[in-house]
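Asks: The following block contains the structure, expressed as structure tokens.
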Amino acid sequence: MADTIYCYHCRLQHPKEEMRRIETKTGKRWRCLKSIKATQRDREEREAFGRQMTAINKAEAQSKARMALNLGN
Ligand SMILES: [Zn+2]
């Protein structure tokens, strides 16, 4: 078990080659690539979802504006 490092994120030991040393508020910590990638993916999905909602809201606002315009005629 010499080549494993404690992952603060999973609270588990992972093989050394899966680990990355990262800077946190409390100092340098070891975290596995898997958890880093999972976090990145979550953030990307949230951002993509946010962009989608913005697009929907914009489209809705435009259709409301069009409706208001039509009612004016
Ligand atoms: Zn981990």
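Asks: Looking only at the stretch 6-38, filter to residues that are near the ligand (Cβ under 10 Å from one of its atoms) and in a helix (DSSP H, G or I); which one of those is surrounded by the most Cβ atoms within 10 Å (Cβ to Cβ)?
Replies: Ranking the qualifying residues of the stretch 6-38, first place goes to 35.
Asks: What about residue 56, is it in a helix (DSSP H, G or I), surrounded by 10 or more Cβ atoms within 10 Å (Cβ to Cβ), away from the ligand (no atom under 16 Å from the Cβ) and of a type in the set (Val, Ile, Thr)?
Replies: For residue 56, the condition - in a helix (DSSP H, G or I), surrounded by 10 or more Cβ atoms within 10 Å (Cβ to Cβ), away from the ligand (no atom under 16 Å from the Cβ) and of a type in the set (Val, Ile, Thr) - is met.
Every number here is computed from the coordinates shown, using simple stated rules; none is lab data. Only a predicted model underlies this, so the values are computations on that prediction, with no experimental measurement involved. Note that each Cβ is placed from the backbone with ideal geometry, even for glycine, and that neighbours are counted across all protein chains shown.
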